[in-house]
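A quick write-up on the structure given underneath.
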Amino acid sequence: MSEQYVTNYGPTDDWWRNAVVYQVYPRSFSDLNGDGVGDLAGVIDKLGYLELLGVDAIWLSPIMRSPMVDHGYDVADPRDIDPLFGDLATFDKLVAEAHDRDIRVTMDLVPNHTSDQHEWFAQALAAEPGSPERDRYFFRDGLGDDGSQPPNNWTSVFGGPAWSRVTDEDGELGQWYLHLFAPQQPDLNFENPDVLDDLRATMRFWLDRDVDGFRIDVSHGMAKPADLPDMTDAVEILRHTDDDPRFNDPGVHAIHREIRAVMDEYPGTANVGEVWVSSNDAFAEYVRRDELHLGFNFRLATVDYDADQVREAITESLTATSSVGAVPTWTLSNHDVPREVTRYAPDPAESGLNGGQALAIGALRARAMALVELALPGTVFIYNGAELGLPNADLPDDALVDPVWENSGHTDRGRDECRVPMPWEGAEPPFGFSSTPDTWLPVPADWAGLTVEAQLEDIFSTLSLYRQALELRYARPEFSGDTVEWYGAPDGCIAFRRPGGLICAMNASTEPIPLPPGQVLLVSTPLDNGLLPPNTAAWLI
Ligand code: GLC
């Protein structure tokens with residue numbers, strides 16, 4: 001660690017084993033300079049809020065220099081702050097002030113690809129086929145007599161082909177390059193030693209500025225099979241399977257070991273990887289002792305509000321991590337996944353409810369699931385706005401800016417609806433997020449009741465529920481132990497117990513149920529004559 005800051009975190013270096021990490025999506029968190037996009041000064045301004053909420057750490061989605069085609073996940077200079085968000089001095093201030101409040105700071109690292117505006121890509125375009133400059137990426141000749149067919153049949157996660165053809169300086173069509181995401185995000189070739197060297201330099205650059213770790217984007221990508229074999233199955237946009245040659249190549253683990261070696265030079269730091277694989281064995285390989293400290297396991301973020309599905313997601317996640325002695329992680333949503341309130345809302349067409357009624361049930365279920373995830377052992381990630389019970393926003397087509405919308409030929413609306421700015425205060429959009437009403441995504445007018453200001457003093461609000469839950473999780477000895485023991489529970493319900501004595505019960509049935517014996521610590525909605533109502537969870541000791 002550098003000398004510029006002395007931490008006061010206490011004796012343990014492994015804070016990440018049992019932490020609550022809050023994901024700040026900087027574009028949408030707080031805009032202090034009034035340009036309609038959130039910034040680092042805005043994050044500093046809200047650190048008091050995060051301290052009040054009681055989180056241990058934040059994860060900042062990308063803030064490095066970027067043309068913002070994929071809103072920061074297209075990095076043009078990984079060792080500088082994009083002027084849209086601020087500068088390095090503001091970043092250093094954010095880290096220091098967060099540390100003063102005992103909040104650790106982790107940030108996104110995007111090793112799989114660069115922006116097409118990165119200097120390496122410009123050099124590659126200017127260089128000959130077969131040159132060292134092109135070898136940092138995946139440049140290949142096209143198939144067919146005239147090279148007019150892409151080198152294989154891979155599709156981009158965002159829609160369309162995963163290959164784009166370049167025009168050479170003489171105006172002739174040339175080679176193709178690989179991009180698993182947007183064409184403006186060319187994939188890097190980790191077989192080229194420059195790539196790993198540069199990643200190490202980037203990690204040290206930020207670690208020397210006292211960051212406490214990274215969220216590693218596309219951790220299951222990075223390595224590609226040598227012969228780039230065709231895909232067998234057509235896959236949906238934003239999805240892939242475990243046998244998809246684009247991802248989860250065995251060579252990725254050597255890269256993770258190199259990343260871990262750098263982290264081990266900085267005690268007390270930790271990484272969490274974005275690992276979209278579904279088999280437990282495949283997942284466990286990423287969190288072996290010399291690879292990632294933590295891996296995002298997305299099972300809980302992708303199941304319905306259904307007792308069997310939730311129980312299975314928890315059991316499978318625990319099985320995956322315990323097989324290698326790793327720490328489980330839990331999350332209900334992020335900037336790529338629809339917000340839980342919307343996901344859990346019954347389908348109005350099937351339920352006969354109107355949209356508002358359906359969302360009200362979704363909100364109750366999201367509160368219940370918050371108590372479930374916060375009752376579990378390991379580390380929990382909360383996406384900004386989840387603590388306010390925000391739903392996805394309904395956005396008009398002309399407001400959509402996620403590249404998925406364009407690249408899918410307007411067949412997939414993409415992820416903008418879960419990325420709308422945070423409502424802080426007041427009665428009109430953008431609710432204190434910015435001084436301009438012209439925010440990068442519009443904030444729905446009907447969020448007035450969901451602002452931080454509206455919820456802070458209301459003890460029944462979702463924000464208050466989160467604050468109480470975080471405080472209890474932090475303070476109570478009953479939350480100790482690495483396992484969960486399942487209780488018998490009525491149909492459509494789950495109940496489990498931590499070794500320390502905490503019991504969590506969740507009712508996903510349609511009838512109120514009796515609680516397990518014990519003293520109630522917290523309920524996600526009030527009990528009904530001593531019974532646990534549908535769409536509710538409780539903590540007991
Ligand atoms: C990850 C990010 C996502 C981004 C993609 C490409 O999946 O979470 O937001 O679009 O990587 O970098």
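Read the figures in this text as sums done on the coordinates, not as results from a lab. Source: prediction; values computed, not measured. So basically every Cβ, Gly included, is an ideal-geometry build from the backbone, and we count neighbours across all protein chains shown.
With just the Cα atoms of segment 33-77, tell me how far they stretch along each of the three principal axes, in Å, largest first.
Each principal axis gives a Cα extent; for segment 33-77 these are 34, 24, 14 Å.
Using modelled amide H (1.01 Å from N, peptide plane; none on Pro or chain starts), what sits under 5 Å from the amide H of Thr155, excluding residues fewer than 5 places away?
Answer set, sorted by chain and number: Ala162.
Kindly provide the GluC sites (Glu not before Pro) of segment 111-209 that DSSP labels as loop, not H, G, I, E or B, and whose Cβ sees at most 11 other Cβ atoms within 10 Å.
Hits after loop and neighbour filter: Glu169, Glu172.
From Cα pairs below 8 angstrom and at least 6 apart in sequence, can you work out the relative contact order of segment 1-149, rounded to a whole percent?
Value for segment 1-149: 20 percent.
Give the long-range amide H neighbours of Ala57: residues separated by 5 or more places, or on another chain, with amide H under 5 Å away, using H modelled in the peptide plane at 1.01 Å from N.
Val20, Tyr22, Arg104
Sticking to Cα atoms, compute the Rg of segment 119-178 to one decimal and its Dmax as the biggest Cα-Cα distance, whole number, in Å.
Looking at segment 119-178, its Cα Rg and Dmax stand at 11.5, 32 Å.
How would Leu294, Leu84, Leu199 line up from fewest to most surrounding beta-carbon atoms within 10 angstrom?
Going from least to most buried by this count: Leu84, Leu199, Leu294.
What is the dipole size for the chain, taken about its Cα centre, with +1 at each Lys and Arg Cβ and -1 at each Asp and Glu Cβ, in debye to the nearest 20?
Dipole of the chain, to the nearest 20 debye: 1980 debye.
Among Pro67, Thr155, Ser509, which residue has its Cα positioned farthest towards the positive end of the charge dipole of the chain, with +1 placed on the Cβ of Lys and Arg, -1 on the Cβ of Asp and Glu, and the dipole taken about the Cα centre?
Ser509
Pick out, in residue order, every one of the GluC sites (Glu not before Pro) in segment 430-479 that is DSSP loop and has at most 14 other C-beta atoms within 10 Å; say none if there are none.
Glu457
Give me the number: length gained by fully extending Glu265 to Arg200, i.e. 0.36 nm times residue separation minus the C-alpha to C-alpha distance, one decimal in nm.
22.3 nm
Rounded, prolate or oblate for segment 483-540? Axes are the square roots of the Cα gyration tensor eigenvalues, ordered a ≥ b ≥ c, and the cut-off for rounded is a/c under 1.5.
Note, shape of segment 483-540 comes out oblate.
Would you give the gap between the C-alpha center of segment 382-396 and the C-alpha center of segment 445-523, rounded to a whole Å?
20
For a quick check of your reading of the filter: which trypsin sites (Lys or Arg not before Pro) in segment 214-269 sit in a DSSP loop and have no more than 15 other Cβ atoms within 10 Å?
Of the trypsin sites (Lys or Arg not before Pro), the ones in loops of segment 214-269 whose Cβ has at most 15 other Cβ atoms within 10 Å are Arg239.
For a test of the definition: using alpha carbon positions, the gyration tensor, and the 1.5 limit on a/c, classify segment 144-272 as rounded, prolate or oblate.
The shape class here is prolate.
How big is the chain on each of its three principal axes, counting only the C-alpha atoms and giving the largest first in Å?
Principal-axis extents of the chain (Cα, largest first): 79, 57, 51 Å.
Kindly write out, for segment 124-137 in residue order, the coupling ³J(HN,Hα) from the Karplus curve 6.51 cos²θ - 1.76 cosθ + 1.60 (θ = phi - 60°), rounded to whole Hz, with x marking Gly and Pro.
Ordered by residue, 3J(HN,Hα) equals 5, 5, 7, 9, 6, x, x, 7, x, 5, 6, 5, 6, 10 Hz.
Compute the convex hull volume of the Cα atoms of segment 248-293, divide it by the residue count, and report the result per residue in Å³ as a whole number.
Taking only Cα atoms, segment 248-293 has a hull volume of 64 Å³ per residue.
Give me the percent relative contact order of the chain, please, defined on Cα pairs under 8 angstrom at least 6 residues apart.
Result for the chain is 13 percent.
Applying the Karplus parametrisation 6.51 cos²θ - 1.76 cosθ + 1.60 with θ = phi - 60° to the phi angles of segment 94-108, what ³J(HN,Hα) value in whole Hz is obtained for each residue in order, glycine and proline being reported as x?
4, 4, 5, 6, 5, 4, 4, 9, 6, 10, 7, 10, 10, 9, 5
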